[in-house]
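Trainee: Pasting in a structure now, in C-alpha cells, and then I'll have a few things to ask.
Coordinate-derived values only; no laboratory data. Just so we're clear, the structure is a prediction, and the values are computed from it rather than from any experiment. Note: ideal-geometry Cβ built from the backbone for every residue, glycine included; neighbour counts use all protein chains shown.
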Amino acid sequence: MSTLAEGISYYPDHFDRPAQEALVDAIRDVVRVAPLFVPVMPRTGKPMHVRMSNCGQLGWVTDKDNGYRYQPTHPQTGRAWPPIPPALLQLWDDVAGFDAPPEACLINFYGDSAKMGLHQDRDEQEFAAPVVSVSLGDDCLFRIGGTERGGPTQSMRLRSGDVIVLGGPSRLRYHGVDRIYPASSTLLKDGGRINLTLRRVSNAS
Ligand code: MD3
Ligand code: FE
C-alpha cells in the first residue's frame, strides 16, 4: 500500500489474476439479473459514456427528470439489485477502515472510447466513509484534482487488479477518467474496463 495523498491509499495489483477472474464472473452474474444501462445526465438528458449497473441494497442511478440518486431497485427492471459479492465485502473490511458495511457497489463499464468527466461524488449522506475502487480489464488514465473545480490535477494509470481508497479530506476531490488504453489487458474477452466502487450511502450514526 502507498499513500498518494492524505486519505488516498493505493494498492497496486491487490487482486491477482485468478481473483480478478473470480470478480469478473461474480459481476457477470450481477449484470445477468441487473443489466447494464446507459445513464443520462439530469436536465440535458445527455448520455454518459459508460454503461452502469449496481449491486447492494442501494444503487446509484440517474435520468433526465429525476437526476442523480440512490435507489433500491433497477431503473428498467424494477427489481432489487443483487447482493454485493462476498469478495467485495471482504475487500471493504480489509481496506476501508470504516465500521459499517458498504450499501452500494456501482459497476461502471467502459468501452474503448469511453471516458468520465471530472466530477465530485456527493450523492451520499455519509462522507466520513471512503469510496473503495477496483479496476478490472484495460488500463485507464485516471485524473484527480482538489476539492474546487478548476484547480490543479494529477494523472495516473490504473491497471487491472488495482484498488484505490478515497477517504478523509480526499473524499470530495474532483476526479474522472480521461481515457482507456484498449487491449492493454487480456482479462475481459471483449475488451473494455470495469470499475467497481463500494460506497456507504446512509449515515448510520
Ligand atoms: C476520488 N469512477 O463511479 S474510480 C465514479 O474509474 C467514478 O470508473 C471512476 O468516479 C472510474 O464515481 C473513478 C476512483 C474514484 C472513485 C471515487 C472517488 C476516485 C475518487 C471519490 C473521491 C475522490
Ligand atoms: Fe466518481
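Trainee: Could you name the lysines in cross-link range of Lys64, using Cα to Cα under 16 Å and dropping any fewer than eight places away on the same chain?
Mentor: Lys46
Trainee: Where in region 28-68 is the amide nitrogen less than 14 Å from a point lying 7 Å along the Cα-to-Cβ axis of Ala100?
Mentor: 57-58
Trainee: OK, next. Compare the Cα positions of Pro85, Cys55, Ala19 along the charge dipole of the chain (+1 at Cβ of Lys, Arg; -1 at Cβ of Asp, Glu; about the Cα centre) and return the one farthest towards the positive end.
Mentor: The Cα lying farthest towards the positive end belongs to Cys55.
Trainee: Kindly put Met1, Met116 in sequence by how many other C-beta atoms sit within 10 Å of each C-beta, fewest to most.
Mentor: Met1, Met116
Trainee: What does the helix-only formula give at 222 nm for the chain: each DSSP H stretch with n ≥ 4 adding -39500 (n - 2.57), the total divided by the residues, and the result rounded to the nearest 500 deg cm²/dmol?
Mentor: -4000 deg cm²/dmol
Trainee: For a quick protection proxy, order the peptides 139-150, 121-132 by their average other-Cβ count within 10 Å, most packed first.
Mentor: 121-132, 139-150
Trainee: For a paramagnetic label modelled at 7 Å from the Cα of Ala22 toward its Cβ, which residues of region 85-129 fall within the zone defined by backbone nitrogen distances under 12 Å?
Mentor: Under 12 Å, as judged by backbone N against the label point of Ala22, lie 86-91 of region 85-129.
Trainee: Could you tell me the calculated FRET efficiency between Asp13 and Lys64, based on Cβ-Cβ distance and R0 = 41 angstrom, to the nearest 0.05?
Mentor: Plugging the Cβ-Cβ distance into 1/(1 + (r/R0)^6) gives 0.55.
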